[in-house]
Amino acid sequence: MKEFFPNIPKIEYEGPKSKNMLAFKHYNKDEVILGKTMAEHLPFSFAYWHGLNYDGTDMFGVGTIDRSYGGLTGRALAEAKADAGFELMEKLGIEYFCFHDVDVCDQGASLTEFKENLAHMVDYFKGHMDRTGIKLGWATANLFGHPRYQQGGATSPYLDTYATAAFQVKNALDAAIELDAKGYTFWGGREGYETLLNTDMGFELDNLARFYKMAIKYAKDNGYKGAFYIEPKPKEPTMHQYDFDAATAIQFLQKYGLDNDMTLNLEGNHASLAGHTFEHEIRVARINGLLGSIDANHAETLVGWDTDEFPKDVKGTALAMYEVIKAGGLDTGVINFDSKLRRPSNDELDQAIGFIAGMDNYALGLKLAAKIIEDGRLEDFVKERYSSFDSGLGAKVVSGETNLEELADYAEKLEEKPVPSGRQEYLHSVINDLMCEGL
Ligand code: XUL
Ligand code: CO
């Protein structure tokens, strides 16, 4: 088979002292942290769309990154791209991949051609998956790129578009079933609105829930065993997206009785766009038992859009991984690098370097999260902070054995004392101390 990246060797762990750009300094897959290997904590996944398709195009200029894979067209191009992708995943030791239907094949001249092209690639993937052991993290359908989806897919005001969205999702679910995917993601790319002046929001949300229910029923009836995820994002491409953030998506799932069938796929940059930290979003999912999967990227917070950078902020990643660990880890989920190269990162080494940097970042984040847990100061502080609810009247609040009158009575007799300090400056410094120990 043709080698697409001859200058990229199999990437090995060389340890923190290594200066080799093409080696892991921190991701040591067999190293055990808190009773599990790094590979178990960090089920990394390769996002097809960024890892193989994104060519650096922005609104000011054409692509800067060569994604021609030998200049082929049609199915030959799709196959070459898959070969290149599996070569990269194998060299990097990435065990999962994720794709949109449109990422992996040509859409052809009709919906039927699109369906056949996708089915062809599903067969092609099987060969690579059997050969390498690489698994499908999740699949999805792109219901936002084509002009027909300009006013939504599963929230479109037009039946024809809604039905075409169903066609695409059905085929993508067939692919997920065939390839034994661990998950299937619904990101509401254009499921939102531009202006309320032309929008029946209640109807669109009801229709979205109906769409999800039909998709879940179809998948289950046809032997699908994986998870279903909603991926929240507040804006981009629509001005107001329905799955604004974790809390909004959870409210939607609960309202329509979908919370037993769907969990959340949370993305770092989407959290920032919603005005949250990544750890906030994961915490919201965790306390509701709805953490599913993770899209691993960071925002460039100096700008207000979705830059999808490879993660580079160790402290932020540590706080996110702390939440993942506290949630008991990712059960069905993966850590999917929904991350793209910067436009000037344009040569044949950069794609691999992006993944190496992202994987090392997550390894460091995992190590720091484990250190925070083992150190115990943060958790002890939080426990102590709420300890007035451990006994006496506080314990009666928790068990539901008191009432407003008893609390009021208690308060009236109080000798008012100063409120204890929240100590947040100290707690931030604890994390810095742990992060920089030995410097
Ligand atoms: C867009 C985004 C998507 C989803 C899959 O911001 O994150 O790539 O992950 O549709
Ligand atoms: Co994403």
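Here, each number is a calculation from the coordinates, and none is a lab measurement. From a predicted model like this one, the values you see are computed outputs, not experimental measurements. Ideal geometry is used to build each Cβ from the backbone, glycine not excepted, and the neighbour counts take in all protein chains shown.
Which distance in nm do the two modelled labels at Glu194 and Glu379 give, with both placed 7 Å along the Cα-to-Cβ direction?
In this crude spin-label approximation the distance works out to 5.1 nm.
Quick check: net charge around Ser391, other residues with Cβ under 14 Å of its Cβ, Lys/Arg +1 and Asp/Glu -1?
Details: positive: Lys383, Lys396; negative: Glu384, Asp390, Glu401.
Result for the neighbourhood of Ser391: -1.
Looking at the square roots a ≥ b ≥ c of the eigenvalues of the Cα gyration tensor of segment 32-373, which shape do they give, rounded for a/c under 1.5, prolate if a/b is larger than b/c, or oblate?
Values: a/c = 1.33, a/b = 1.06, b/c = 1.25.
It comes out rounded by the Cα gyration axes.
In a shell of Cβ-Cβ distance under 14 Å around Ala209, excluding Ala209 itself, what net charge do Lys and Arg (+1) and Asp and Glu (-1) give?
Working: positive: Arg210, Lys213, Lys217, Lys255; negative: Glu191, Glu204, Asp206, Asp243, Asp259, Asp261.
Neighbour charge sum, excluding Ala209 itself: -2.
Subtracting the Cα-Cα distance from 0.36 nm times the residue separation, let me have the gained length for Met239 to Tyr158 in nm, one decimal.
Working: separation 81, 0.36 × 81 = 29.16 nm, distance 1.95 nm.
So the chain would gain 27.2 nm between Met239 and Tyr158.
Quickly estimate the mean residue ellipticity at 222 nm for the chain, helices only: each DSSP H run with n ≥ 4 gives -39500 (n - 2.57), and the total goes over all residues, rounded to 500.
On the way: 15 runs with 194 residues, N = 439.
The per-residue figure over the chain is -14000 deg cm²/dmol.
With helices defined as uninterrupted DSSP H runs, which ones in the chain have an alpha carbon span along their own long axis of at least 24 Å and mean Kyte-Doolittle hydropathy of at least -0.5? Intermediate results must be reported in sequence, preceding the final value.
Values: long enough: 74-92 (27 Å, -0.11); 111-132 (31 Å, -0.74); 159-178 (28 Å, 0.29); 201-221 (30 Å, -0.30); 350-375 (37 Å, 0.45).
Taking the DSSP H segments of the chain (at least 24 Å long, mean hydropathy at least -0.5), we get 74-92, 159-178, 201-221, 350-375.
Within straight cross-link reach of Lys126, meaning Cα distance under 24 Å, which lysines are found once same-chain residues fewer than 8 apart are removed?
Within the straight-line limit of under 24 Å, Lys126 reaches these lysines: Lys2, Lys10, Lys81, Lys91, Lys115, Lys135, Lys170, Lys182, Lys220, Lys225.
Taking the chain as a Gaussian network, where each spring joins two C-alpha atoms under 10 Å apart, which residue of Ala274, Ala408, Ala209 fluctuates the most?
Greatest mean-square fluctuation among the candidates belongs to Ala408.
So for the pair Glu40, Met201, with labels modelled 7 Å out along Cα→Cβ, what separation do we get in nm?
Between Glu40 and Met201, the simple spin-label model gives 4.5 nm.
At R0 = 45 Å, how high is the FRET efficiency between Lys17 and Ala247 if r is their beta carbon distance? Nearest 0.05 is fine.
Values: r = 44 Å, r/R0 = 0.97.
For R0 = 45 Å, the calculated efficiency reads 0.55.
Can you tell me the length gained on complete extension of the stretch Thr277 to Thr301, counting 0.36 nm per residue apart and subtracting the Cα distance? Before the final figure, lay out each step's value.
Numbers: separation 24, 0.36 × 24 = 8.64 nm, distance 1.10 nm.
Contour length minus Cα-Cα distance gives 7.5 nm.
For segment 101-176, calculate the relative contact order in percent as a whole number, restricting contacts to Cα pairs under 8 Å that are 6 or more residues apart. Walk me through the intermediate numbers first.
Working: 65 pairs, mean separation 22.7, N = 76.
Dividing the mean separation by the residue count of segment 101-176 yields 30 percent.
Given springs between every Cα pair under 10 Å in a Gaussian network model of the chain, which of Thr277, Thr164, Thr195 has the largest fluctuation?
Its mean-square fluctuation being the largest, the pick is Thr195.
For segment 32-373, what's the relative contact order in percent, using C-alpha pairs closer than 8 Å and at least 6 residues apart? It would help to have the intermediate numbers written out before the result.
Details: 626 pairs, mean separation 59.9, N = 342.
Computed value for segment 32-373: 18 percent relative contact order.
Report the full-extension gain for the segment Leu414 to Leu349: residue separation times 0.36 nm, less the Cα-Cα distance, to one decimal in nm.
Details: separation 65, 0.36 × 65 = 23.40 nm, distance 6.74 nm.
Extra length available between Leu414 and Leu349 comes to 16.7 nm.
Set the Förster distance to 45 Å, then compute FRET efficiency between Cys436 and Met129 from the Cβ-Cβ distance, nearest 0.05.
The pair Cys436/Met129 has a calculated efficiency of 0.60.
All other residues with a Cβ under 11 Å from the Cβ of Asn171 taken together, and with Lys, Arg as +1 and Asp, Glu as -1, what is their net charge?
Working: positive: Lys115, Lys170; negative: Asp101, Glu116, Asp174, Glu178.
Once all neighbours under 11 Å are counted, the net charge is -2.
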